[in-house]
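First the structure, in the form of C-alpha cells, and then the observations on it.
The values are calculated or read from the model by the stated rules, or taken from the named source; none is laboratory data. All values derive from a computational prediction rather than experimental measurement. Note that each Cβ is placed from the backbone with ideal geometry, even for glycine, and that neighbours are counted across all protein chains shown. SASA here: full protein model, heavy atoms, side chains in, ligands and nucleic acids out. Shrake-Rupley method; radii C 1.70, N 1.55, O 1.52, S 1.80 Å.
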Amino acid sequence: MISFNDLEKDWRIDKMEQVVMKGERRRLAGCNARLGVHGKEVSCPLVRITIGGVTGYGWSRVSHEAAAALVGASVSDIFCEEMWVKERFQSIQFPLIDWLAKVRGIPVYELLSGRTWAEPLEVPGYDTSLYFDDLHLKSEADAVALLQEEAMTGYNAGFRAFKIKVGRGAMHMDLMEGTQRDIAIVNGIREAVGPHCGIAIDANNGYNLNLTKHVLKETAHSNLLWIEEAFHEDDRLYRNLQDWMAEQKLNVLITDGEGLAAKPIVEWAEQGLIDAIQYDLRDYGVVNWLVLAKRLAKSGVKAAPHNYGGFYGNYASAQVYPAIEGFMYVEWDEAQIPGIDTSGYSVKDGKIAVPSSPGFGLHVDDAYYESKVSESGWTV
C-alpha cells in the first residue's frame, strides 16, 4: 500500500521553475522512414520544484500559466494512495517523483517498486542511434559498412542490443532499392555484432504488409527480436502478419504504440495481435504506465516504452524499469547536456547500471540551471 503519512501536512509547492536545457548526441542522427535529419542537438524542458525546502528536478512541458495555478498546493492535494500523483498534477509528475524519492532518501526505482536492492540495480538497454546516415552513399556496400561501424561504436560503448531504422524506400529512396538496402544493413549489422546481440528494426510505418513479410523473410537468419511500427496499426493486417509468421516459424515480436497510436491498440494486444506496447514514457507518464503494465501483464503483453530525442527518458526509463511489469529493454539515446551530471549511469555488457543516489540519480548544477532560467526560462 502506498502511504504518504511521512510527509509534513503543511508542505506546499513553494516555487516552480522551468527552462529548456540543450545538449548534443555523440553524432548527428539521420532520417527515418517519414522524417528528415534528426540532427545532433537534444533538448530537455527541465522543471525544478521546491517543497518544504527540498528540490526535485524532472522533465515537464507544463506551461508558465499552468504552473502558476499549481503553486501553493499542499502535499495532500498532490499525492494519493491510488495513483501516486493526482491527475491535476501529472504534468509535473517527474519532478514530483524525484522530490518524493529525495525526501525519503531512496532512488526512484525503490520508491516505485516498493523493494530494496542489496546490490546496485542493472537493467537491459539497447542503442537506438542507428538511423539513415547512409543516404548520401550510392554504394550499398558502403552503406552497410557505415552502419556496421556505427553499430560497433555502440557495441564498444557497452551495448549488446540495437534498434535499426528501416523503411528507406518509403520516401528517401526508390522503393525496392531502399528496401534491399534495409535488408543488407540489417544482415550486415548482425554480422558485425555477432549472433548473441539483440537486434530490432523500426519502420516508422514505412512498410506495408507485403514489404514487411519480404523484409522479415530476407532477414530471418539474423534472428530479429522485434519489428516496430511496420505500418500504421491495423488489426486485420497484424492478424495476417501474425498468422504468416507462425507459418514461417519466425519468432519476431510485433511492437507498436508510439506517436498517434490507434485507440484500440491495447485491446488488439490483448487479443494477441501485438506483443509489446510502446507508449512514450514521458508523454504517457509513469503513473499511467504503472497502471497499464498491470493490465498488460494479465494477457502476457510486454512493455517497451518509447524514448527518443528526449535525453531525460534514458534515465527515467532505467529507474522505472523494475516497477513496470514486462518491461523488456530501456531505449537509450546517448547524449549529454551541460549542467546535468549523468555519470552515475554506465553501460556495460548490455546492462545499464543505475545509481542508488536519491531521486532519479541526475545531479543538476543548481547555479548553471539558475543562470539558464534567468536567460530563457520562467519562475513562479
- request: Enumerate the helices in the chain for which the Kyte-Doolittle hydropathy averages -1.0 or more and the C-alpha atoms extend at least 18 Å along the helix's axis, using complete DSSP H runs.
  value: 140-156, 175-193, 286-298
- prompt: What full-extension length gain, to one decimal in nm, is calculated for residue 371 and residue 357 as 0.36 nm per residue of separation minus the Cα-Cα distance?
  reply: 2.5 nm
message: Suppose every Lys and Arg Cβ carries +1 and every Asp and Glu Cβ carries -1, with no other charges. What dipole size does the chain come out with about its Cα centre, to the nearest 20 debye?
response: 240 debye
message: Could you order the peptides 247-254, 107-114 from most to least packed, using the average number of other C-beta atoms within 10 Å per residue?
response: 107-114, 247-254
task: Would you mind putting 141-151, 120-130 in packing order, based on average other-beta-carbon counts within 10 Å, highest first?
output: 120-130, 141-151
- line: Taking Lys and Arg as +1 and Asp and Glu as -1, residues besides residue 250 with C-beta under 12 Å from its C-beta add up to 0
Rh (Kirkwood; distinct C-alpha pairs) - the stretch 295-336, Å: 10.9 Å
- prompt: Counting pairs of Cα atoms in the stretch 141-202, how many percent are more than 15 Å apart?
  reply: 47 percent
message: Probe radius 1.4 Å, ligands and nucleic acids ignored: give me the carbon and sulfur share of the accessible area of the stretch 45-88 as a rounded percent.
response: 52 percent
field: Within the stretch 88-184, trypsin sites (Lys or Arg not before Pro) in DSSP loop having at most 12 other beta-carbon neighbours inside 10 Å
entry: 115, 138
statement: So, over other residues within a Cβ distance under 13 Å of residue 221, counting Lys, Arg +1 and Asp, Glu -1, the net charge is +1
field: Cα convex hull of the stretch 76-138, projected area averaged across orientations, nm²
entry: 7.9 nm²
Computed magnitude of the charge dipole of the stretch 165-219 (debye, nearest 20; Cβ of K, R +1, Cβ of D, E -1): 100 debye
- line: Simple SL model, points at 7 angstrom along Cα→Cβ for residue 175 and residue 15; separation in nm is 6.0 nm
- prompt: What is the mean projected area of the alpha carbon convex hull for the stretch 1-142, to one decimal in square nanometres?
  reply: 12.4 nm²
task: Using all C-alpha to C-alpha distances in the chain, build P(r) with 10 Å bins and read off the rounded percent in each one.
output: 5, 23, 31, 24, 13, 4, 0
message: Starting from 0.36 nm per residue, how many nanometres of slack lie between residue 249 and residue 208 once their C-alpha separation is accounted for?
response: 12.7 nm
statement: Relative to the compact-globule estimate 2.2 N^0.38 Å (N residues), the Cα gyration radius of the stretch 337-380 stands at a ratio of 1.49
task: Determine the per residue accessible area of the stretch 127-241 with all protein chains present and a 1.4 angstrom probe, expressed in square angstrom.
output: 39 Å²
query: Where does the charge balance sit around residue 192 when Lys and Arg score +1, Asp and Glu -1, over other residues with C-beta under 13 Å from its C-beta?
result: -2
- prompt: Which three extents, in whole angstrom, do the alpha-carbon atoms of the stretch 96-250 cover along their principal axes, largest first?
  reply: 57, 38, 29
field: Diffusion coefficient, µm² s⁻¹, Stokes-Einstein with Kirkwood Rh over alpha-carbon pairs of the stretch 225-269 at 4 °C and 1.567 mPa s
entry: 117 µm²/s
statement: Note to self: with every protein chain in place and a 1.4 Å probe, the stretch 252-380 gives an accessible area per residue in Å² of 37 Å²
field: Of all accessible heavy-atom area on the stretch 216-303, the percent that carbon and sulfur account for (1.4 Å)
entry: 47 percent
message: Suppose accessible area is computed on protein heavy atoms with a 1.4 Å probe; arrange 375, 325 from highest to lowest.
response: 375, 325
- prompt: Size of the dipole of the stretch 30-164 about the Cα centre, Lys and Arg at +1 and Asp and Glu at -1 on the beta carbon, nothing else charged, in debye to 20?
  reply: 400 debye
field: the stretch 210-367, Cα convex hull volume normalised per residue, Å³
entry: 134 Å³
statement: In whole µm²/s, the translational diffusion coefficient that Stokes-Einstein assigns to the stretch 210-293, given a Kirkwood hydrodynamic radius over C-alpha pairs, 37 °C and 0.692 mPa s, equals 242 µm²/s
